[in-house]
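See below for the structure under consideration.
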Amino acid sequence: MYNRLKILYQLQLIDDQLDELEELRGDLPNAVRELEEKINSLKEDIASKEKEKKESLKKRNSNELEIEKLKENQKKFKSQLYQVRNNKEYDALTKEIDHTEEQIKKLEEENDSLADLSKSLTDQIEEIKPQLDELKKELKEKEADLKEIIKANEKEEAKLQSQRKKIEGEVRKPDLAAYMRIRKAKKGKAVATIKRSACSGCHNIVPSQRQLEIRQNNRLYYCEYCGRILVSTEIAEKASEVV
C-alpha cells in the first residue's frame with residue numbers, strides 16, 4: 001500500500017509539471033482552436049452559397065430552354081390561327097397562346113428572381129472572403145507563437161511525458177481511474193497532502209483521527225470535503241525524492 005500511495009503522488013507531481021508547461025501556452029491553444037472553428041464555419045458558408053449559386057444557374061438555364069420551347073409552340077399556335085375553320089378552333093388556339101404567354105412570363109420572372117439571388121450570393125461571398133483572409137492571417141500568427149512556446153519546452157515535456165507513461169503503467173487500474181476522474185473534476189489536483197491539519201487541496205480541516213489514519217499509509221483516504229486522495233507528508237517527501 002505504501003508504494004501504491006507513493007506512485008499516485010509521483011504521478012501527481014509529474015502532472016503538476018506538465019500543467020505548468022501547459023499554462024505557459026496561456027490561451028493560445030483555445031485561441032487557435034476557436035480561429036480554426038471560425039475559419040471552417042466561413043468556408044462552409046461560402047461553399048453553401050456557391051452551391052446555391054450553381055443550383056440557381058442550373059435552374060435558370062433549364063428555364064431558358066423551357067422558354068425557348070414555349071416560344072416555338074407559341075409561334076406554331078399563332079401560325080395555325082390563319083388556318084382555323086370555326087370559332088371553336090380559334091378560341092382553343094388563343095387559349096393555348098394565352099396559356100403559353102403566362103408560362104413564359106412566369107419563367108422569366110422566376111429567372112429574374114434567380115438572377116437577383118445569384119448576385120446577392122456573390123456579394124455575400126465577396127463580403128466573407130476578406131473576413132476569412134483576416135482570420136487565416138491571425139491563425140497563422142497564433143500558430144507561430146504557439147509553435148515557438150512548444151518548441152522551447154519540447155525536450156522537457158517529452159522527458160516528463162516519458163516519465164509519466166512509465167509511472168502510469170505502475171498505477172493500479174482502479175486507482176488510475178479514480179485519479180483521472182478527480183483530476184478532471186478538480187482541474188488538475190487529484191492527490192493532496194495535509195498541511196497545518198488541513199487538506200492542501202481545499203484547505204478544510206482534516207479531523208485528528210483521520211490524520212492519524214492517513215499517516216499509517218495503509219489504505220486510500222479521500223478528503224470528505226473536496227474528494228481528493230489524501231496522502232501523508234512522509235509519502236509526499238519520498239515521492240518528491242524520486243521525481
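Each value in this text was obtained by applying a stated rule to the coordinates, not by laboratory testing. Remember, it's a predicted structure, so these values are computed and weren't measured experimentally. Cβ placement follows ideal geometry from the backbone for every residue including glycine, while neighbour counts extend to all protein chains displayed.
For the range 25-155, rounded, prolate or oblate, judged on the Cα gyration tensor with a ≥ b ≥ c (square roots of eigenvalues), a/c < 1.5 rounded, else prolate if a/b > b/c?
Taking the square roots of the gyration eigenvalues as a ≥ b ≥ c, the range 25-155 is prolate.
If amide H atoms are built 1.01 Å from N in the plane of the peptide, which residues on other chains or at least 5 residues away come under 5 Å of the amide H of TYR222?
When sequence neighbours closer than 5 places are left aside, the close amide H contacts are LEU230.
Mind putting a number on the dipole of the range 134-200 about its Cα centre? Charges go on the C-beta only, +1 for Lys and Arg and -1 for Asp and Glu, and I need it in Debye to the nearest 20. Display every interim value, and only then the final one.
Values: 21 positive and 12 negative charges, 100 e Å.
Around 480 debye, computed over the range 134-200.
Would you mind checking LYS58/LYS137; LYS75/LYS106; LYS155/LYS189; LYS165/LYS189; LYS166/LYS187; LYS43/LYS140 for any pair whose Cα atoms are more than 27 angstrom apart?
LYS58/LYS137
How big is the charge dipole of the chain about its Cα centre, in debye rounded to the nearest 20, if each Lys and Arg gets +1 on its Cβ and each Asp and Glu gets -1 on its Cβ?
It comes to approximately 1540 debye.
Please list 3J(HN,Hα) in residue order for the range 204-220, calculated via the Karplus relation 6.51 cos²θ - 1.76 cosθ + 1.60 where θ = phi - 60°; whole Hz, with x for glycine and proline.
Those phi angles translate into 8, 5, 9, x, 4, 4, 5, 4, 4, 5, 5, 5, 6, 6, 10, 6, 7 Hz.
Residue by residue, what Karplus-based ³J(HN,Hα) values in Hz, rounded to whole numbers, does the range 15-26 have, using 6.51, -1.76 and 1.60 with θ = phi - 60° and x for Gly and Pro?
Rounded to whole hertz, the list is 5, 4, 5, 5, 5, 5, 5, 5, 5, 4, 6, x.
Give me the number: length gained by fully extending HIS203 to ILE128, i.e. 0.36 nm times residue separation minus the C-alpha to C-alpha distance, one decimal in nm.
So the extension gain works out to 21.8 nm.
Cα gyration tensor of the chain, axes a ≥ b ≥ c as square roots of the eigenvalues: rounded (a/c below 1.5), prolate (a/b > b/c) or oblate?
Note, shape of the chain comes out prolate.
Going by amide H atoms built from the backbone, whose H comes under 5 Å of the H on LYS195, apart from near neighbours?
Amide H to amide H, under 5 Å and 5 or more residues apart or across chains, LYS195 pairs with SER200.
Place a +1 charge on the Cβ of each Lys and Arg in the range 29-167 and a -1 charge on the Cβ of each Asp and Glu, then give the dipole magnitude about the Cα centre in debye, rounded to the nearest 20.
Working: 33 positive and 36 negative charges, 158 e Å.
Result for the range 29-167 is approximately 760 debye, rounded to the nearest 20.
Go through the range 79-87 residue by residue and turn each phi into a ³J(HN,Hα) via Karplus (6.51, -1.76, 1.60, θ = phi - 60°); whole Hz please, and just put x for glycine and proline.
The phi angles translate into 5, 6, 4, 7, 10, 5, 10, 7, 5 Hz.
With the dipole of the chain worked out from charges on the C-beta (+1 for Lys and Arg, -1 for Asp and Glu) around the Cα centre, which of ASN218, ALA239, LEU121 lies farthest toward the positive end?
Towards the positive end, the residue furthest out is ASN218.
What is the sum of charges, Lys and Arg at +1 and Asp and Glu at -1, for the other residues whose Cβ falls under 10 Å from the Cβ of GLY227?
Local charge sum for GLY227: +2.
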